[in-house]
Every structure is written in C-alpha cells, then in structure tokens.
1. Which of the residues spanning the stretch 314-329 are surrounded by 15 or more Cβ atoms within 10 Å (Cβ to Cβ) and over 17 Å from residue 435 (Cα atoms)?
2. Residue pairs, Cβ under 7 Å, 6 or more apart or interchain, first in the stretch 136-165 and modelled with pLDDT of 80 or more, second of a type in the set (Asp, Glu). List them.
3. What's the total number of residues in the stretch 622-661 that are within 25 Å of residue 53 (Cα to Cα), of a type in the set (A, V, I, L, M) and not in a helix (DSSP H, G or I)?
4. I'd like to check something: does the stretch 106-118 contain any residue that is of a type in the set (D, E, K, R), in a loop (DSSP other than H, G, I, E, B) and either open to solvent by less than 90 Å² (accessible area, probe 1.4 Å) or within 23 Å of residue 24 (Cα to Cα) (or both)?
5. Of all residues in the stretch 438-485, which are open to solvent by less than 20 Å² (accessible area, probe 1.4 Å), at pLDDT 95 or above and part of a helix (DSSP H, G or I)?
6. So is residue 608 buried (at least 18 other Cβ atoms within 10 Å of the Cβ) and within 30 Å of residue 29 (Cα to Cα) or not?
7. Against the condition open to solvent by 10 Å² or more (accessible area, probe 1.4 Å), small (Gly, Ala, Ser) and modelled with pLDDT under 85, how does residue 675 come out, does it pass?
8. Yes or no: the stretch 707-717 includes at least one residue that is open to solvent by 10 Å² or more (accessible area, probe 1.4 Å) and touching a Pro at 6+ places or on another chain (Cβ under 9 Å).
Amino acid sequence: MQAKGENQRGQKSLQGSLHLEGQVERITFSSPETGYTVARLKVEGYPLSVTIVGNLPNITTGQTIRLTGLWENHPKFGRQFRVQSYQRVMPKGIEAIKKYLGSGLIEGIGPVLAERIVDMFGEETLSVIDERIDELAKVEGIGQKRLELIKDAWKEQKEVSSLMLFLKSHDLGLSLATKIIKRYGKGALSIITENPYRLARDIPGIGFKTADRVATSLGFEHNCIQRLEAGVLFSLSMRAEQGHVFYPYRALLLSCAKLLGTSQQEISRAIASLVAKDEIVIEDLNEDLDAFEPDKKAVFLRRYHMAETGIARHMARILQAPAGGPLIDAPKAVQWLRQSMGLTFAPKQLEAIQKALESKALIITGGPGTGKTTAVKGIIQIFQAKKTRVLLAAPTGRASKRMQEATAMEAKTIHRLLEFSWEKGGFQRNENRPLEADVIIVDEVSMVDVSLMAHLLKAIPSHARLILVGDVDQLPSVGPGNVLRDMIHSGKIPVVTLTEIFRQAKQSLITVNAHRINQGLMPQSERSSEGLQDFYFIAQEDPEQALEVVLELACKRVPKRFSLDPLRDVQVLTPMHRGNLGTGVLNQRLQELLNPKAHGVRIGSHVYGPGDKVMQIRNDYEKEVFNGDIGFILSIDQTTGEMTVNYEERQVTYRFSELDDITLAYAISVHKSQGSEYPAVILPLLTQHYLLLQRNLLYTAVTRARKLLVMVGSKKALAMAISNQEPRRRFTLLAQRLREL
C-alpha cells in the first residue's frame, strides 16, 4: 500500500513493514563498497521529501523506486525510512523520464542528450531503449561508439535490477547484493543461475542450505552434479572447522549421503569429479597390503593437503641444512649465561638452552610456571652476544605483546613477520623471499594451524634455527590441524618438556591447580601458608542460580573486591555457545548490566552500541584483525553505515555489511580465549556442558587467568572434565609425514 499522508504512514509503521514509492531526489551519501545509502525521496501526495537509509546499491538521482521498510526516529537525524528491500520502477511522464535519463545513470547520456531522446520518442522512450535500442542512432549526437556505450550501460542496469528482484524473491538481504556484485561483477545473475551453489563457497553469510534452497527454486535436480559436489565441499569445510585436516572416505560418504538425501554411489561420483577438477585430494591409508581395504582413504580439501605436505617438506629442508651464523660452544655458552644472568636454572631449562644452541629445530613445551620464558630469554641472550640475527613471533597480537614485554625485544605476530599484504596478494615473505634471520623463535605454537605453519616454514631460510615454544596440553588451534602435538609425536624434532614448577609460581593456586588438573587431580581451593588466594570454587548446581552468581561476580563483586575494571580486566569464559550459561545468553545479560545504554545496529539477535566489548570471529587479512581479537566499539555512524572498533589502541572501521564478522565478547568460549590472558577469569562449569567437558579445555581455561580465577558450578562437572583426558581426535597425517622424512 502506498502511503498518502504522514498520519497514515505513522500508523502503518506501528503495525509492521510498509511500502513507499517515489523518485530519488538527491543522494546525500552512498558507499560504493557496501551499498549503504542515505537519500531523499519525493513521494507523490506528500509535500516534503522523505529521508531513506539502507542498502540501496546502484540507485541514482531521478530513479523511481518502490521500497519496503519501517519508519524510525534517529536521535540525531530525525524521522527517516529504514529500507528493508527495494525494486526499481520505470518512471512515468515526460519530465520524470528526462530526469531519469539525464541523471548520469546510463553512461553516454547526459541531460542534453536525454532531452533530445525524450523529445523524439516521448513516453515510449524507455520501451525504445529496452526493446529497440538501435533506434537511438536517429537522435542527433548518438553515433555508433556512443550507442555501444549506452547499450552496455543499459544492460548493466538491467542486470543489477534483475539481481535485486532475484535476491528479494529468494529472501536474501540487500546487504548480500553488494558482496555478490563485488565478487562476480556485472554477470552476477548469470553466474548464480548457472550454479547457485557457488554462493555457499564464495559469499560470506550464505551457507549450503541457503544456496540449496535457491537451487531448488531454480529447478536444479536433487542429484545434479553441482549439488552433490557442493555438498561434499561443504561437508569437508565443516570438518575443517572442527579441526580436521582430512576426513575418512567412508565417513564422508555416510555424512554426505545423509546431508543430501542421496546414495553413497552418487556421493562417490561427486568426489571423483572433484578430484578430477583438483579441488580435493585423496590419499590411500592402507599400510598392510595383506589387509587392504578399498575405502581406507583420506579426503582433503586441496588447500589443507598442500599445507600439510608443505609443512613436512619445509621442515625436512630446515632440518637437513647446516646451521648458519657463528659456531657456538654450547657448554661454555651456558656457563657464561649462568654467570651473566645471575640465575640458577633448572636442569630441564639448561637442557633446553643447550639443545637450542646445538639443534636446527627445537620444541620447548611445558605448563604455566615451569620457566619457558626464562629459558627463551637465556637462549636470546646467548645468540645476541654472538651477534646472531634473532626474530620473535607469536600467533596473536596479545601473545606477541606478552612475548615482547617478557623478553624486552621486539616480537611480531606471524602475519606481520611474514609481511602479509592484502593489496599484494598475501604473505610477502616466502621461499623466494625468506626472512632475514639466523634464529626464529615462535611462542604459543599450540594455536598455530596447518595453514599458518605452512606459510611460516616457507619463509624460514634453510640455514636458520627454528625454536617453537608452547603448551602441548592446551586446546589445539581453532583452525584445522594439531601441529604442535603432531610435531612432538613424530619424533623427528628434538623436544624438551619443562616440568618443574618454580617456587614463585607455586605460590599461585591458579598455577598449582592447572598442573593438578593436567595430572588428573581435583584442584585445591585452600591456599598454603605462603600461597596466594587467587583460585575460588563456588558450588552451584542450579543453572539459573549459577547464571545469577556469574553476573553478580563479573559486574560487582570481583571488580569491587579486587579493584578491577569489569569490562577490561574481567573475562567470562564458558565451554558452550548455547544454553543459559552459553555465550549467547551471557553476552545479552552482561551487556544489559555493563553497557545498558548500548544502542545502534542490530545484527541477528544482538544490538551493538558504543562502549560494547566485541570480538573478531574470523580472520580479516585486509583489516589485519584476526579470529579472537577483542576490542571496544568507539562509534557507530548511521549516516555512513560504519562502525569503528578500537583493538589495542588501533582503530578498525567496519561497514554495516561486515558486522557478521564480530560478536559481543563480554563472555567468550574457552576455544576463543587461546593465546590470551586476563587479570580475572570467571568460569561457569555445570553438567549441562557435558558434551565439551574435557581436561584440556578446563586446563586451557584455568591457564587464561593471570591474577584471579573463580569457578562457578558443580563438583560433578569438574570431576567429569578432569577424568575425560581423551581429547577429540583430529584427523591429520602430519606426524606420519614427518616420520617419513
């Protein structure tokens, strides 16, 4: 229904979406990247033009458009119409057509030429352009070259218009239109209609189920090869998100057949097709020919197969090459270090330092308080005394900053170390342009997945020594692989495991209990005579009551008693995303209590506002923000459709169409906390979390706390987590590949 007056429109806005139709009078702001637009619309029967805001890609002055949306009152800009969807409508009347054609919408036609065209063809002008465009050659000033220009521009406008209608008919939001046009260009609609399953692979925010729904509506058959291939790729991608580098062939057949509702034979046909296209790789896993099984195979997405084999190949290269730099007498150097640092090293620390001087590659692992940092500082001091070039790196900004503070030497993220550049197409440091270093030390290696490790090893010169430091008992990387554990289990790289807890660390119940948990023992909650009371367990069996306790602790009791900032110093960690103690509910409740005035942009079930604590949930190499980075919203600009977030004093701007890359971070999952430390951690742990109650998850959560840890939950859940020492298996072949070097 088209609105005729202000009162009528106001009433309709209370009842739900309403429709407006009018001519675009002026465009105040438009982002070519996002399509976010602020414009003035002249609506027939309404004396004043209307402000419209929303995703309106490719609209121009003079166009007539039909909108669906809602009225809203912006605190700064007043009453405006928030667009949910729109479609173009051909203008009617001589003057409207002249304004439309002369707006610059169609390349090759300006105001003067528009007037000539309309003077010749009148109200049939648009029909002539659409159906008999060659007749424009009759108009003075339109030669063959200009005619071809007009044809191309008109075709492009029709394609964009058709794409909008297509997306609307399939309940796909306007924000996706900008991503689709940016990805596919002018021929977007033809690409989608030819194979809609490409949407799931190419466009963030569109999953397999959505692409499958679009394909079904377009008449694609249930067992067509495009659907089968897309289902296999989707299934392998989901397995990669669970940490698997490959997936067993038989299990893949079963899961894909269930997902797609088809036979295993059809899935086998799709797998063969993808192998032929070099999109996936299959390896035979049979080791005993006498017990050969035809389906005992590993199926990889090609990029992960290249990463895993690349790690093995480059590690072999590094291990086999002689070390560069000056010769070092290891025992003599260690003796000099003990005197110069004035420290008494534990036997295992001395072993780590000596092996670092003697080996091409070394892994140093151990829990909190076992002296990994002190050993690394000793190694650095010896190499620097010998004028050896040393580089330090860690996977995340926080981890590299901690490394830098501990060693008093510059440390970079691995991405910065490898000089990642979005504009230049990726990592600039590689085998063709290796790092300029003799020793490379990488901390928090448990967080490094196969893809990042492959890029890192590519860039390490053959003569360099590589020292990898991490806690193998923590959760593995968020991305696919179990790199640190696989390297240790391969037996090909020297390993030193630090086990002795130093006296200062023993004073912390957090450290003591982390080791007790790792040994399968229940934590202590009473401090020793010389210890710190930095670990608390609050028994609470009821989930609703536990939620209220967590909220009270995070917002009031802990900040007040320990003089901490509830936003910056206190972090709630939880094993799960769902349930009343999952990240979803906790974030909503914590936001209400800690930032009650938050208002701004709604994405899904969340509303974001200035001051909100947020986290990046996928790597964005262009912005240089990565999965797990936490920041605070500085501002939201409704006019430009942009949000600015502060990450560790660095500001990053998001377009509204990119906000599915962030989430509230008042509460985060334990997995997302890897590599970070917080002054205070509050951890709910109940039996409702049973699916994820594992020893390495609990151990990781405990070791995230620097000064204070408070557990809220049941001792039964705690015991369940400690007794479950079998981490979920990740399908990888890295250890085997390294053993075969």
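1. Those that are surrounded by 15 or more Cβ atoms within 10 Å (Cβ to Cβ) and over 17 Å from residue 435 (Cα atoms): 316, 328.
2. 149/107
3. Looking only at that region, the number is 6.
4. Of the stretch 106-118, the ones of a type in the set (D, E, K, R) are 107, 115-116.
From the residues that got through so far, the ones that are in a loop (DSSP other than H, G, I, E, B) too are 107.
Narrowing further to those that are either open to solvent by less than 90 Å² (accessible area, probe 1.4 Å) or within 23 Å of residue 24 (Cα to Cα) (or both): 107.
Looking through the stretch 106-118, at least one residue is of a type in the set (D, E, K, R), in a loop (DSSP other than H, G, I, E, B) and either open to solvent by less than 90 Å² (accessible area, probe 1.4 Å) or within 23 Å of residue 24 (Cα to Cα) (or both).
5. Within the stretch 438-485, 445, 450, 453, 454, 456, 457, 483, 484 qualify.
6. Yes; evaluated as a whole, the condition is true for this residue.
7. no
8. The answer is yes; a qualifying residue exists.
The values are calculated or read from the model by the stated rules, or taken from the named source; none is laboratory data. Quantities reported herein were computed from a predicted structural model and do not represent experimental measurements. Neighbour counts run over all protein chains shown; Cβ positions are idealised from the backbone, glycine included. Only protein heavy atoms, including side chains, enter the accessible area calculation; ligands, DNA and RNA are left aside. Shrake-Rupley method; radii C 1.70, N 1.55, O 1.52, S 1.80 Å.
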